[in-house]
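Just below is one structure, and these are the notes that go with it.
The values are calculated or read from the model by the stated rules, or taken from the named source; none is laboratory data. Computed from a predicted structure; not experimentally measured. Cβ placement follows ideal geometry from the backbone for every residue including glycine, while neighbour counts extend to all protein chains displayed. To get the accessible areas, we keep the full protein, side chains included, count just its heavy atoms, and leave off ligands, DNA and RNA. Shrake-Rupley method; radii C 1.70, N 1.55, O 1.52, S 1.80 Å.
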Amino acid sequence: MRLISSLLLFFLVVSSSAGYSGGTVPGRMRKNPAARHPCKRLIFYFHDIIYNGENAKNATAAIIGAPSWGNRTILAGQNHFGDLVVFDDPITLDNNLHSTPIGRAQGFYLYDKKDIFTAWLGFSFVFNSTQHKGSINFAGADPLMNKTRDISVIGGTGDFFMARGVATLMTDAFEGEDYFRLRVDIKLYECW
Amino acid sequence: MRLISSLLLFFLVVSSSAGYSGGTVPGRMRKNPAARHPCKRLIFYFHDIIYNGENAKNATAAIIGAPSWGNRTILAGQNHFGDLVVFDDPITLDNNLHSTPIGRAQGFYLYDKKDIFTAWLGFSFVFNSTQHKGSINFAGADPLMNKTRDISVIGGTGDFFMARGVATLMTDAFEGEDYFRLRVDIKLYECW
Amino acid sequence: MRLISSLLLFFLVVSSSAGYSGGTVPGRMRKNPAARHPCKRLIFYFHDIIYNGENAKNATAAIIGAPSWGNRTILAGQNHFGDLVVFDDPITLDNNLHSTPIGRAQGFYLYDKKDIFTAWLGFSFVFNSTQHKGSINFAGADPLMNKTRDISVIGGTGDFFMARGVATLMTDAFEGEDYFRLRVDIKLYECW
């Protein structure tokens, strides 16, 4: 009888730690920070060459929206506030622009602060190779003067079905205003 | 006593299969692909009529951003790269544009590749009928020359509170560059 | 023996209510609406002053995309359909524009309906204070003539690592077309 009671106690503890049971736990709470180990981790680079009126052949991105004081071939003053850029950038495994791309980073960024460089990103990594098939979808704020900054993995398809997580961005290099390279450290915490 | 032991074993297995317990499991991993059954499935159509300078009355969408070589009444060359389109499209249960809409698809798409048609989507299905109340939010890459392509359901409200899933898009019809109809097969894997 | 059986039954019920176990439950289903208690709740205000050609100093937002019949200093006719606005708005704890900001709301909104005011939002709350560090990412439809409307919390970083939830927006005040203040009631249902 005592054994059964402790069994009961044991499972009550186990069930409540799942944080997903019944109506007593408010929301779904995961208390243990030590449990924050990614179930999948991937590191990639992507390369953005913005159209400047003269590099049509190499450009992978273009300004398509700008504030009334800006235009679409030169990034606007005031830290590019209001510039909207569409991109289709090659993804590589190392930091070499000329490595064979293993996918494309596609979407947009938006400079959104007048007194410092800051952007908002909505984009996908699209893979269709032997290594990876499917897509990873991202959104979030990119205060790009910080050494590292985190955005959200908001979903995925194919190999990345239902993925959620955090991606840490790092500006790996830039040349003037026309080229930059980002290192993306993707940590998925929900894998299906 | 043996019965109690096997009980113990049984629950240990059950709890660990939940993948949500303790700090030993890295992240939240769902290993069983057979478990990928939607908890809700919905199929809709939506209809996009893009403004071309002459169809103001019927148009449900308009170009609002374009690259420096484009304009806002004609989709740009190079596979419309850089065109940003806002839409407020009727959602229907069948593939007839003239069926009574049961909601609106609202948001934007962005053509984002020079050498093939590809878009990036951010939009919501907004319902306010006896059948459905609430919204489903979507984001993802749409390589629209593929027969089917998957985007993410990134959230929901009302009847679709906290929804997550995958939506499979299929171009059901198109007429020139001004009209297209998408079939959307929504599969939710997280239902609250 | 009867006690053991009821124990067994008890845990079977508990496990199945978790909705996350095994392959028999379709998807991950959370049936109990009473379980919809937020694990975290936060209420903020943010303030949007749109650039109108004369208020460069105070403006926190600017039109950067517009339909062919619009421009970038005056919101377009037809309920601003097609106007795309980038913002970097102060977040305050109360409804006073001049209170010390505790963060910034950064991203965009998009007017997306011709016959009524409706917008689509993609933005982040970015915090870097003693109170909060990290970001909350939002997306969703904002039928802004409704007293309250729900959008999705699609992710978070830092203090809001992996957050998911619903945010209820309320227009707390507006002055002409140049200023509005939103009250945001953030309810997180997934906390890590």
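So in segment C:138-157, with the set limited to residues that are touching a strand residue (DSSP E or B) at 6+ places or on another chain (Cβ under 7 Å) and hydrophobic (A, V, I, L, M, F, W, C), which one is surrounded by the most Cβ atoms within 10 Å (Cβ to Cβ)? Looking at the filtered set, the residue picked out is C:154. Summed over segment A:86-133, the residues that are under 18 Å from residue A:170 (Cβ atoms) and of a type outside the set (Gly, Ala, Ser) give a count of 18.
Of the residues that make up segment A:138-153, is at least one closer than 18 Å to residue B:119 by Cα and within 12 Å of chain B (Cβ to nearest Cβ)? The answer is yes; a qualifying residue exists.
Do the conditions hold for residue C:84, that is, is it closer than 24 Å to residue A:84 by Cβ and within 12 Å of the chain's Cα centre (by Cα)? So residue C:84 fails the test. Residue count for segment A:35-47 under the criterion of being open to solvent by 40 Å² or more (accessible area, probe 1.4 Å) and part of a strand (DSSP E or B): the result is 3. Residue count for segment B:158-182 under the criterion of being assigned to a strand (DSSP E or B), open to solvent by 10 Å² or more (accessible area, probe 1.4 Å) and facing chain C (nearest Cβ under 9 Å): the result is 1.
Among the residues of segment B:51-68, the ones that are under 17 Å from residue C:80 (Cα atoms) and touching an Asp or Glu at 6+ places or on another chain (Cβ under 8 Å) come to 5 in all. Sub-7 Å Cβ pairs linking a first residue in segment C:56-75 that is within 7 Å of another protein chain (Cβ to nearest Cβ) and free of Cβ contacts under 8 Å to residues at least 12 places away in the same chain to a second residue that is part of a loop (DSSP other than H, G, I, E, B) and β-branched (Val, Ile, Thr), at least 6 apart or interchain, are C:68/B:73, ordered by first then second residue.
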